[in-house]
Structure formats: C-alpha cells, structure tokens
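Below: one structure, written as structure tokens.
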Amino acid sequence: VICAASLVVGYKTKLMACLSWYLYLSLTLRNTWLNFILDRYFHYMLFYSMFLPMSNVWSVDSMLLEKSGNDKAKAVTNEIVTIATIAMKAQVLWIYLDAGLGKYNDPLKGWTWDADPLPALDTYARHTVAARYLYALLTPVGLRLMTPTVVWAEILSVPTALLGSYLGKRNIVLSAIGLICSLHIGIAFSVRNSVLLSSVACAAWCVFLPPTSDDLVCQQQIKVRSQKAKKKGLAIPSLLIIPMVLGSIWFETMSEECNQSMKHVYSTLLHNRWNVFIGAEEYVTWEIAPGRLADGSVVDVWGQKDTIDWAMPGTGAPSTSSSRPGRWRSFPYLAELDGEEGEALWGYLCKQWDDENGVVNGQNAGRKLLRYNFFMLQADVMPNMGFSATRKRLIHSRDCTKIIEKKEGPKSESSTSEL
C-alpha cells in the first residue's frame, strides 16, 4: 500500500516502481494458476515504469528537484524519448495487434457482420444493467453493425497514434487515445468485474500522450546532457529491457510446450499473449457448491450463502462471472489437479468456510462443513437476450472430514461418528 501510494504521488518514483514490480511479481508467483490478463498488464507496466520518466512532471520528486535549484531538474524534464518509452509503445502495439488479429482470425467469424448465429457484441452485452440498456438502445441489428468496428479499432489504434506522433499531428494522437479509451470504458460498463482491467488498459496509453507546446520550447532551450551521462543512463535500462523483449519473443515463437508450463518462473515473466474475447460467447458459465453442515443444513459453499440458488448469478442482469470476484474467477477447478495440489485446491474451501464461520476449538460446531459438491453450470446464449435451459456438471465431491484426519491424526470411531 505504501509503495502504491508513493507511486501515485510520484515520491521516490523509481524506487517505488521497482518495489511495486517485485512485490506484485512475488504475489503472482505464489500461485501461477490464478494469473490472468490483468496480471500480465500489471507485470509489464510496472516493469517498464522502473525506466520510464514518470517523475518528470506532476510529481513530488519533480517539485522537490525544482525547489532545490539543481540544473538536473531542467535536464530531467527535457527527457521525453527513452528506450523504455520505445519499448512501452512497442508493447502496447503488440497487445492490440494480438487482440485484434485474434478476433479477425476467429474461425467462427464471431466478430464479422455475417456472424452466425450471433455476433460477439450481442453475446457480451448482457452482463450488466448498463449493457442491457445498451442492448435495448442499439438493438441486435445495431450491435451486429458495431461488432466489426471493434476489431479494426484494436488493430489500427496504435499505428494511428504512432503515425500522428511521427507527423507531429497532436489531434490524430489524441483521437486515437480517445477512441481506444472509450472502447475500454464501454467494456467496464458492459462486462462484470472488468473495471480494473479497463482502467489499467487506459493507463497504458499515457505513454502516447503528445508533449505540449511548452515542452517543445523547453526542449529547444535546454542543453543536452553530456554523452557520458547519456551512455550511463542508457546502460542499465538496455541491459534489462532488451533481454525481456527478446525473451518474450523466444517464449511466444520458439519455445517448446514443456517450456510453457505454469510451474516455470520464466513462463510468468515472459508470457505475452493478449488474445482475449476472441470469439462470440456461445454459453455462460457459473458455479455452485452445495454443502452439508454438521447441524444438517445445506449451504452454498462457493457463493458463501445459507441458501442454494441454481439460477444464473448477477444483479439485474445475467452474468458469466463467478459468484466470487477477483482472483476467484481464475480458480482452476477444471485443471484436474490431484495429489498435494488437489488437496490444497479443494481442501481450502473447507478450511475457509470453517474459518469464516468461527468453527474453532469446538466453538460453533453446528456450522462446521462436512462435505460439498462442486458443480459447473452452463446455459447457451440465445438471440434477443435469451438463454437455454441450465445444464450442470459435477466437477468434484469433497469430504471435509478427511482434512482433519490428515492434519490432526486418526480420530476414534466415536469422535468421527459425531461429525
């Protein structure tokens, strides 16, 4: 929290960026099964932020440097183009090309005008109340017309911004930034649990913001630092950024399947694919875990509720997301884990329920979870906001008493029967 707050206000910016990247990476490496696209965004943005001139303006660091009267303040403010800014722009270019071309090459043509049976936007604009209003306003015909524009917006937005920067056309750059940010804002309102991802995606575009006229005048007036200082300031970023870029290229193009295992640290460091929302959503998925307590009552362990509801989750609108937000959406229940990994995965739900319901040292024993069944439910997406009948699939059955026997040793028959 301290690192994040310091990074926001720009105090000890480079140090805080280094610490933030290290701490976030260490967090994601604790369980690589839970990593998803948001983690990749944070990983690359925090990595490049260690070398970006983020503290040059609008920061506590720049204010302190300016008050000190040091000539270094003017030289630092003059720094606009670095190897980090080039690498960051190349990273954003790759993100949107990978995402856009993935949609363009969708074998089912879900992002085209003649998508059959439904275009992608028709299937995604159902998750929130705002999305339902959008659906009613545009109608299925309007959503079908808009669907292909998303693909071309992703493919052409970064090249347009780069072209505008090369030509010195400020309005072209700002238009490209405004277009893609409006797309992400629309996603934030239309898809549940996507606000943070959309915010980070918009923040990445700050690297494309063109310099103001004052910046350009200042750039002409300030003397360039010595060649020795330039080389010194370029050496460390180059030694770290170039291997990261080359490593990502190797990992995504030349590495073998065994090298891409989630168990490798470098697979998390170098993973650089962004082809999400590739096709139209054919069905919605959610989860439920009915569990039996010691007092005989039945609860939803996954939804953490005292009632069982098999209906599609969501407040005022259908939702493909889990009843649990955040990293719980990446809960790897389809990974077919067994042994120690399976024990850690499924046993945690037993432990979490008991901990949150105060089942400690015999207290509140009636709320103790004895067993549960974990189901995955699905419903096909139909035209006109319709969905098919729900179908369910049993993923795992868990006897929570076995965990206690393993940790506390064998129990007598009488104590086991009491459970």
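The values are calculated or read from the model by the stated rules, or taken from the named source; none is laboratory data. Everything quoted here is computed from the prediction, not taken from an experiment. So basically every Cβ, Gly included, is an ideal-geometry build from the backbone, and we count neighbours across all protein chains shown. Accessible surface is based on the protein model in full, side chains and every heavy atom, while ligands, DNA and RNA are left aside. Shrake-Rupley method; radii C 1.70, N 1.55, O 1.52, S 1.80 Å.
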Task: Per-region count, the stretch 163-203, residues open to solvent by 60 Å² or more (accessible area, probe 1.4 Å), in contact (Cβ under 8 Å) with a residue 60 or more places away in the chain and assigned to a helix (DSSP H, G or I) - done: 2
Task: Selection count where residues are aliphatic (A, V, I, L, M), more than 30 Å from TYR133 (Cβ to Cβ) and surrounded by fewer than 14 Cβ atoms within 10 Å (Cβ to Cβ), scope the stretch 373-396 - done: 1
Open item on the list: Of the residues PHE277, PHE331, only one is closer than 30 Å to ILE241 by Cβ, modelled with pLDDT under 90 and among the aromatic types (Phe, Trp, Tyr); which?
Closed with: PHE277
- [ ] Scan (1) open to solvent by less than 70 Å² (accessible area, probe 1.4 Å); (2) within 29 Å of the chain's Cα centre (by Cα); (3) at pLDDT 90 or above; (4) more than 30 Å from ALA115 (Cβ to Cβ) for the single condition LYS368 breaks and write down its number.
- [x] (2)
TODO: Starting from the stretch 367-395, keep only residues that are within 19 Å of LEU293 (Cα to Cα), then list their pairs with residues that are open to solvent by less than 40 Å² (accessible area, probe 1.4 Å) and of a type in the set (S, T, N, Q) whose Cβ atoms are within a distance under 7 Å, requiring at least 6 positions of separation or different chains.
DONE: ARG367/ASN357; LEU370/THR401
TODO: Would you check which residues across the stretch 1-23 are of a type in the set (Val, Ile, Thr), open to solvent by 50 Å² or more (accessible area, probe 1.4 Å) and in a helix (DSSP H, G or I) and list them?
DONE: ILE2, VAL8, VAL9
Task: Sole exception among (1) out of contact with any Ser or Thr (no Cβ under 7 Å at 6 or more places or on another chain); (2) of a type in the set (S, T, N, Q); (3) modelled with pLDDT under 90; (4) surrounded by 14 or more Cβ atoms within 10 Å (Cβ to Cβ) for SER62, by number - done: (1)
Task: strands (runs of 3 or more DSSP E) (entirely within the stretch 242-308) containing at least 1 residues that are in contact with a Pro (Cβ under 8 Å, 6 or more places away or on another chain) and loosely packed, with under 15 Cβ neighbours inside 10 Å - done: 298-300
- [ ] Among the numbered conditions (1) modelled with pLDDT of 90 or more; (2) of a type outside the set (Lys, Arg); (3) within 28 Å of VAL191 (Cβ to Cβ); (4) open to solvent by 70 Å² or more (accessible area, probe 1.4 Å), tell me where LEU349 comes up short.
- [x] (4)
- [ ] Please list, ordered by first then second residue, the pairs with beta carbon atoms under 7 Å, 6 or more apart or interchain, first in the stretch 24-37 and assigned to a helix (DSSP H, G or I), second open to solvent by 60 Å² or more (accessible area, probe 1.4 Å).
- [x] LEU29/VAL265; THR32/MET262; TRP33/MET262; LEU34/ARG327
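Taking the residues in the stretch 114-159 that are in a helix (DSSP H, G or I) and charged (D, E, K, R) as candidates, determine which candidate is surrounded by the fewest Cβ atoms within 10 Å (Cβ to Cβ).
Step one: filter the stretch 114-159 for residues in a helix (DSSP H, G or I), giving 120-124, 129-159.
So of that shortlist, the ones also charged (D, E, K, R) come out as 122, 132, 144, 154.
On the way: ASP122: 27, ARG132: 17, ARG144: 19, GLU154: 24.
So, considering only residues that are in a helix (DSSP H, G or I) and charged (D, E, K, R), the one surrounded by the fewest Cβ atoms within 10 Å (Cβ to Cβ) is ARG132.
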